[in-house]
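Derivation of every value follows stated rules applied to the coordinates shown; laboratory data play no part. Worth saying up front: this structure is predicted, and the values here are computed from it rather than measured. Here Cβ is always computed from backbone atoms with ideal geometry, including for glycine, and neighbour counts include all displayed protein chains.
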Amino acid sequence: MLTFILRKLGVIIPTFVGVTLIAFTFIRLLPGDPVLVMAGERGMTEERHARLMAEFGFDKPIIVQYGHYLNDLMHGNFGVSIVTKQPVLEEFITLFPATVELSLCAILFAVVVGLPVGMIAAVRRGTPFDHTVMAGALTGYSMPIFWWGLLLIIMFSGILGWTPVSGRISLMYFFEPVTGFMLIDSLLSGQQGAFKSALTHLILPTIVLGTIPLAVIARQTRSAMLEVLSEDYIRTARAKGLKPSRVIGLHALRNAMIPVITVIGLQVGVLFAGAILTETIFSWPGIGKWMVDSIFRRDYTSVQGGLLLIAVIIMVVNLIVDLLYGLINPRIRHTE
Amino acid sequence: MSEAAYNGELDTREGGRIALLKEFWSYFSENRGAVIGLIFFIAIIIIALLADYIAPHLPNQQYREAFLQPPFWQEGGSLKFPLGTDAVGRDILSRLIHGARFSLFIGCVVVSVALVVGVILGLIAGFFRGRIDTIIMRLMDIILSFPSLLLALVLVAILGPSLINAMIAIAIVQQPHYVRLTRAAVMGEMNKDYVTAARVVGVRRLRLMFVTILPNCMAPLIVQAALSFSTAILDAAALGFLGMGAQPPTPEWGTMLAEAREFILRAWWVVTLPGCAILLTVLAINLMGDGLRDALDPKLKRS
């Protein structure tokens, strides 16, 4: 197991260095030098320009600049936003729980619906139910989710008036964030109706963000289940006279879960990409919307910091999934 | 190798190809969804090619007497604008028809660029192994460690928002998948007897890579091409929707959606229809892709 972990780390460290290189290069690829980029359209005098270049160390050789950048990163300094003048890391940490809450709900929704549906489709292979699930999954997989979000808004907010259009909670309620998760905080605040408000705000974004993972999980569960159901040990279990529910729910499901867990782990990147669109549509104050806003505000230090932090988070989550996978399935950690 | 023997070999291969195509079609046509997808996709191609002739109006012509006119079956609609008009009085049907051109164009360009670059890099990595392989694969890992849409968004921010730059960004984001697939397939082929035989005969390196090995690695690449064609359309539409792809007044479907956003509660058709066009096109291509995979991938065949 230790060699397995070390091997995984050996791959991830060069990738991490590469990711910092990309984030470092990003701000230098923009037309004009970084100080001019920060000054924006206001411009500045020659003298001030030279002083700022020296102050930020942009007049040093590029390799020295990169060294400084890495050093700053190691000390938790991800730069200061050009627009708000706040440390990027601080802004990121403030907004991050909103994205995590939304993503967790989305993946939960996808698993709770996708797993049973995929299982039943596999067991009832070839029935109308199976065909409907497969057609639905393919449609979900092909869905432009930014449009899907707008459709749901038309339907549930516009015509039916059931759900609010944007934000995380109604403006009527205000309380200090404790965990950063609105569902938990609203309960802790003890205010009447706050939890319901948070929940209704969460429903549509959850469905929108969960749609593609749901489709992927349903398809993956179905095909993993089909494969396992044709194995000899399943036939043996059936021949022994075990109840079908026990054969499928215990014997088959356990082995079918392995590929499904990997797929769920792989959805982290998909969720981040989806969060960019979902948060923009629903004005959800999370990382995705913040990145888009930063790009439009030309807040390049925030984009740089956000890019790096998101990549690191995805790398860490993927590493954890890999390790868990190795833990569950010894065949994985001993091959290669 | 004598000329005659070479010709003889070619002939049998031609026959083999037709048989292979027949086998492919028999598998492919068994999948009803795939055939429907194919027919729909061909229809979109025809619509895109004939856009100038079948569109009732010019895509950017504004009719000042008809702002936000509903489709013909609703009260206030007319057959002059069968699917209604948008906020500045442009015919939506005509814009959708012309939009098909952009989506297909985006798909073709992105897939060809990503495929060519990805296949070359993957071939080099799988063929030479060693240090160059490590460098290429680490580079791909780095690209893959960003969410694709985010990386594309940032690349467009650097290059400047436009359709061409959006396509470049999407191609860069997609190409690691081709590198990985090609490399894996090449490594699988490298140890086979026919490659050793070709080496022994003294086939030159480039010919060995591109003529001997590559054709045997094509099946997964074709499936990937179909899938990434649809992803390219989706991502380009998403970038257009965020204002970072094709710029107004281009009748690109994602850009049309972005322009329509403020009217969602007033005029459902300006929002619903471009999205339907995206969904149906992507769905058709994905259906086709599934059929291709069933027909081409022997591991998944008849599972």
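Here are the numbers:
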| read-out | value |
| --- | --- |
| Nearest 10 degrees, 0 to 90: helix A:2-29 Cα axis against chain A principal axis | 40 |
| Partners for residue B:22 among lysines (Cα-Cα distance below 18 Å; same-chain residues under 8 apart left out) | B:301 |
| Among B:292, B:97, A:204 the positive-end extreme of the charge dipole of the protein assembly as shown (Cβ point charges) | B:292 |
| Mean separation of Cα contacts under 8 Å (6+ apart) over length of chain A, as relative contact order % | 26 |
| Cα gyration tensor of the protein assembly as shown - equivalent ellipsoid semi-axes, whole Å, descending | 39, 34, 31 |
| Estimated distance in nm for a label pair at residue A:175 and residue B:20, the labels positioned 7 Å out from Cα along Cα-to-Cβ | 6.6 |
| Calculated SAXS-style log₁₀ I(q)/I(0) at q = 0.18, 0.21 Å⁻¹ - the range B:142-213, Debye, Cα scatterers | -0.72, -0.82 |
| Viscosity 0.890 mPa s, temperature 25 °C, Stokes-Einstein D of chain B from Kirkwood C-alpha radius, µm²/s | 113 |
| Under 26 Å from the Cα of residue A:289 - lysines, other chains or at least 8 residues apart | A:85, A:196 |
| Ascending count of other beta-carbon atoms within 10 Å, so fewest first, for A:55, A:91 | A:55, A:91 |
| For the range B:40-172, convex hull of alpha carbons as volume per residue, Å³ | 149 |
| Translational diffusion of chain A, µm² s⁻¹ [Kirkwood Rh, Cα pairs; Stokes-Einstein; 37 °C; 0.692 mPa s] | 142 |
| Burial ordering of B:137, B:167, fewest other beta-carbon atoms within 10 Å first | B:137, B:167 |
| Proximal lysines relative to residue A:60, as straight alpha-carbon distance under 18 Å, when same-chain residues fewer than 8 apart are discounted | none |
| Order of A:221, A:25 - criterion: other Cβ atoms within 10 Å of each residue's Cβ, fewest first | A:25, A:221 |
| Karplus-derived HN-Hα couplings along the range A:252-257 (A = 6.51, B = -1.76, C = 1.60, θ = phi - 60°), whole Hz, x at Gly and Pro | 6, 4, 4, 7, 5, 5 |
| Reduced Cα scattering model of the range A:58-179, Debye log10 I(q)/I(0), q = 0.18, 0.21 Å⁻¹ | -1.13, -1.29 |
| With Cα atoms, 0 to 90° folded angle of helix A:128-141 axis to chain A main axis | 10 |
| Angle in degrees between helix A:194-229 and the longest Cα principal axis of chain A, rounded to the nearest 10 | 50 |
| Chain A - mean residue ellipticity at 222 nm from DSSP helices (-39,500 (n - 2.57) per run, n ≥ 4, rounded to 500) | -24000 deg cm²/dmol |
